[in-house]
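Data block below; observations after.
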Amino acid sequence: MKLQVSWRSEQHEVVGPTDPVFAVAGEDVILPCSVKPNISVVDMRVEWFRPDLKEAQLVHLYEDHEDRNTDQIESYRGRTKLNHQELQRGNASLKLSSVRVSDEGLYKCFIQSKSWYDDATVNVRVEVVGCPPVITVDGFDHSGGLHLQCESEGWYPEPDLEWLNSEGVSLSSETTEKHRNEDGFSVKHTITVHHRDDKIHCRVKLRHHVLETQIITTSKRFSSWGTSIILISVAAVLSVIAGILIAVFARKNRAPTYLRTYTGE
């Protein structure tokens, strides 16, 4: 006998979040799904799957009062869980542990009884928080401007990087580099500071995740850096000149072999 199933019930519906669910890689996340008005789904089929994948779409299956994950996608093994007590309240939300970047995508929450079925879609976005930005001092230019470079790596998706002065005003970067590898996105911005700000900030942002590093660039510090570079340059030139003079002096005082023999040396 073939089971007659209506497409949707006018009294109940499966609902999920209207906005994307953001998850941080390495942490756990809850994918919301429930029946409204609340009814028990303990005796129903609850299936979570990935409609955006071509093969092996099953993420989690609950049927006949137990989890049946034989055909589950391999990468989800041991990382999915339904709260069986919450099923009595119509809550079929799925807990996904140790989130990975590959978990990003669309999920379907499908609930089926003997008389009706419905589903809801959950859009999961995965974020990876990278390393704190590192500021490198790259010397002065001919006009006395201080070259600064800021770099941060290991982010997903691509973050925003900005320079700020001591008053929090954004400064324009001169060069920008962006790269992506298996570890995520890396960003590098450079700037030349001509004014004597107390602090220059390099800030990396990804939605509400913010990492920041600062460098102090007072007038005194500018002067000391400039003096240090000048002294190093002068010392280098003097070292080269001294080396040349020593070589010439040694060459002039080196007597030929026959002359040393003649004089008895």
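Yes/no per residue for (1) modelled with pLDDT under 95; (2) in contact with a helix residue (DSSP H, G or I) (Cβ under 6 Å, 6 or more places away or on another chain); (3) assigned to a strand (DSSP E or B); (4) crowded, with 16+ Cβ neighbours inside 10 Å:
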| residue | (1), (2), (3), (4) |
| --- | --- |
| Ile111 | no, no, yes, yes |
| Ser115 | yes, no, no, no |
| Val126 | no, yes, yes, yes |
| Gly130 | no, no, no, yes |
For this session: Residues being touching a residue at least 40 places away in the same chain (Cβ under 8 Å) and under 21 Å from Ser34 (Cα atoms): count how many of those fall in region 52-96.
Result: 12
Exercise. Of the residues that sit in region 132-150 and are surrounded by 19 or more Cβ atoms within 10 Å (Cβ to Cβ) and in a strand (DSSP E or B), which one is farthest from the chain's Cα centre (by Cα)?
Worked result: Leu146
Problem set entry | Sole exception among (1) more than 34 Å from the chain's Cα centre (by Cα); (2) more than 17 Å from Thr121 (Cβ to Cβ) for Ala25, by number | (1)
Problem set entry | Residue match in region 91-102 (condition: within 19 Å of the chain's Cα centre (by Cα), under 27 Å from Gly184 (Cβ atoms) and not in a loop (DSSP other than H, G, I, E, B)) | yes
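The values are calculated or read from the model by the stated rules, or taken from the named source; none is laboratory data. For clarity, every value in this text was computed on a predicted model and none was experimentally measured. With ideal geometry, Cβ positions are generated from the backbone for all residues, glycine too; neighbour counts draw on all protein chains shown.
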